[in-house]
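The next block holds one structure in the form of structure tokens; read it before the comments.
Readers should treat all values here as calculations from the given coordinates under stated rules, not as data from a laboratory. Bear in mind the structure is a predicted one, so any value in this text is a computation, not a measurement. Using ideal geometry, Cβ is built from the backbone for each residue, glycine included, and neighbour counts are taken over all protein chains shown.
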DNA sequence: TTGTAAGCGTTATCAC
DNA sequence: GTGATAACGCTTACAA
């Protein structure tokens, strides 16, 4: 690749003049300017971003951490949508994305990795254990590195997070079930470490209480967003509480698993038992029966995250604040009005 | 962040000694070595990758281009799986991924973007028009930049591609239909520019010929991997050729669209008409009816691509050659034995 | 075994 | 308006 030096030589000027021209500084003779631009074009010159970054301490790069540990797969069902949105708005602002892979680095943390690569900011798309408020996360939060987390409540000078309204979403789901006549509503929750899971649980509880149905903790199992654990929980629940007429699962994938398990148990969905999920992943629409669920706006999750991050990066005075996006109930085929026969059974128990 | 200079001062040695120590050079006194390592740890030192890249001309970064133009979304249904695999093997080798977003850059091409960022290699995950053999693609192919394309036949000194065996996959699909008794088999193809589409078309044609059924070009419509165009093609076909008893679609998404359209037309799948897709995206298993399709091994597509790319990067003598991965027929519920009444109808026309 | 110094390709600070 | 020159943080001859 051609360098600024070559251009300078050919144009018979100094490198600084070339640099100024290329960066559109005002104080440069139109004559020389044109000449330099011409030569740059001929040489098909593009500035070396690495060299520039070194002096400017700015890389126009946004780091991305994915997965449940610092290095696992892109394992969340809607990360693609989120990251796609991040990419779009970051791209429009001139930033590229650096996806960290960081294997076999001994003492590396989110923070050191970011510093090593000199990224201008970072977005966290973690799952499972990765969402636990551990030392590396706290370190990052306090590092001064611009950071936006998806679904993890980090707050700091240069840190905030974006999430869906999980509480309201859960309320919508449970209220829908109640409106359909259900009273014995089981909950397949997420985990005990994430705010996301906790909010969905609270939404479930509160809605039950508000409707004077009461909250029965024995109707709950944690599924940890895994098909297997959700299936297990469903089995246990159905064995112990045969009067259950509806399930609310904290994710669509778990809802699929609940439905399959129910089917194995000889139950029909939604005829015998109603099921609602959470997320509205693509498969939800294709599943049989088409899944009633709470939609998270994945695109907005990502674009909002990117917008805030860019704000933090480019505006020193900007004070980021957490954003909670509305979620929406999507009614499809996996929920139905409670049948009389069940209602009676329900009354009996 | 601490720099090598600071460490040198504290240790009372020169920067070069520090550098050598940190890079595990053999010729350094164990005493000083230990001392330096100790200080580095205390200062929580991590090398500045940007500075290092500048001198070494190596960034340990692999560029990724996504989408149908140089900047559109992550729009292919299985890109996530592919990129996830790329990330895993690249990560194990110590490389991070740089996802290019490149908006508003005037004369930028794949090549200039790669050079500007000094990526060590690049993987192309393009769709639609992006796959057309255009100047920017040829430029990249001849640039000397290590490059692996997914599904685009680029070949060069440092360039190769990875694809699924689309021809064999298509043959499997059509043969399956024929074995089921179908004779009037329509084809909803991809586009006219990609090798992928062409190979699937050839597989369709050849299988028909080999089975002495003959190839009727009027049974073909191009769907351009779009739901709308696939639906349109299906309508046209059914209007003009009512004796069709099976459809082979060049992608699962188009197959879904075909099935929906058929349903709108009052046809049952697979009872009246069989449909097979291509790709085996996640939704295929959830769709109703569960889709019979040709599976591409997305994970291997990505890991093979990364493996080859790393080979090109790290081994100057390595001569990359294109890789074609086996594809596999997954028989599910959208195909069935041709019913007698149709067979007769078919015979009649 | 260690230090000096050049250099990677830019930008930025001064003089001129 | 323009040119030296230092600086960014590191690696790497070459010397000592």
- Note on the structure: Note on region A:192-349, DSSP bridge orientation, antiparallel percent to nearest 5 equals 30
- Item | Volume per residue of the C-alpha convex hull in the protein assembly as shown, rounded to whole Å³ | 192
- Task: List the pair-distance distribution P(r) of region A:76-203, using every Cα-Cα distance, as the percent of pairs falling in each 5 Å bin from 0 up to the bin containing the longest distance, rounded to whole percents.
- Result: 2, 9, 16, 19, 18, 13, 9, 6, 4, 3, 1, 0
- Query: Using alpha carbons only, how many degrees (0 to 90, rounded to 10) separate the axis of helix B:79-92 from the longest principal axis of chain B?
  - Reply: 30
- Task: Can you tell me the 0 to 90 degree angle between the C-alpha axis of helix A:298-314 and the longest principal axis of chain A, rounded to 10?
- Result: 40
- Query: Give me the log10 of I(q) over I(0) for region B:8-155 at q = 0.19 Å⁻¹, as the Debye formula computes it from C-alpha points; what are the numbers?
  - Reply: -1.09
- If contacts are Cα pairs under 8 angstrom and at least 6 residues apart, what is the relative contact order of chain A in percent? 17
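Report the full-extension gain for the segment residue B:133 to residue B:243: residue separation times 0.36 nm, less the Cα-Cα distance, to one decimal in nm. Can you show the working numbers first?
On the way: separation 110, 0.36 × 110 = 39.60 nm, distance 3.79 nm.
Result: 35.8 nm gained on full extension.
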- Task: Relative to the longest principal axis of the C-alpha atoms of chain B, give the angle of the C-alpha long axis of helix B:166-179, reported between 0 and 90° and rounded to the nearest 10°.
- Result: 30
- Computed FRET value (nearest 0.05) for residue A:34 with residue B:56, which takes r as the C-beta separation and R₀ as 51 Å: 0.90
- Item | Square roots of 5 times each gyration tensor eigenvalue, C-alpha, chain B, largest first, Å | 54, 19, 17
- Task: Return P(r) of region A:16-67 (all Cα-Cα pairs; 10 Å bins starting at 0; whole %; ordered from short to long distances).
- Result: 21, 40, 26, 8, 4, 0
- Taking neighbour Cβ counts within 10 Å as the exposure measure, how do B:120, A:297 sort from fewest upward? A:297, B:120
- Item | Where only alpha carbons of region B:2-42 are counted, the Rg and the Dmax (Å) | 8.7, 24
- So, in nm and shortest first, the distances from residue B:41 to its counterparts in the other copies, with label points 7 Å along Cα→Cβ, work out as 5.9
- Task: Considering only DSSP beta bridges where both residues belong to region A:142-250, give the percentage that are antiparallel (nearest 5).
- Result: 10
- Message: Just to confirm the numbers: residue B:5, label point 7 angstrom along the Cα-Cβ line, distances to the other copies in nm, shortest first?
- Response: 2.1
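Suppose R0 equals 56 Å; then what is the FRET efficiency for residue A:264 and residue B:5 from their Cβ-Cβ distance, rounded to the nearest 0.05?
Numbers: r = 66 Å, r/R0 = 1.18.
That gives a FRET efficiency of 0.25.
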- region A:192-241, Kirkwood Rh and Cα Rg, ratio Rg/Rh at 1.00
- Rounded to one decimal in Å, the inverse mean reciprocal Cα-Cα distance for region A:140-187, i.e. its Kirkwood radius, is 13.1
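If you build the Cα gyration tensor of region A:225-294 and take the root of 5 times each eigenvalue, what three semi-axes come out, in whole angstrom, biggest first?
Values: eigenvalues 66, 33, 19 Å².
Working from the Cα gyration tensor, I get semi-axes of 18, 13, 10 Å.
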- Item | Angstrom value of the Kirkwood radius, inverse mean 1/r, which spans all Cα pairs in region A:191-349 | 17.3
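Given axes a ≥ b ≥ c from the Cα gyration tensor, I'd like to know whether region B:156-248 is rounded (a/c under 1.5), prolate (a/b larger than b/c) or oblate. Provide the component values of the computation, followed by the final result.
Values: a/c = 2.60, a/b = 1.42, b/c = 1.83.
Cα axes put region B:156-248 in the oblate bin.
Quick check of the Kirkwood formula: for region A:250-325, what is the inverse mean of 1/r over all pairs of different Cα atoms, in Å? Let's see the in-between values first.
Details: mean 1/r = 0.0679 Å⁻¹.
Result for region A:250-325, one decimal place: 14.7 Å.
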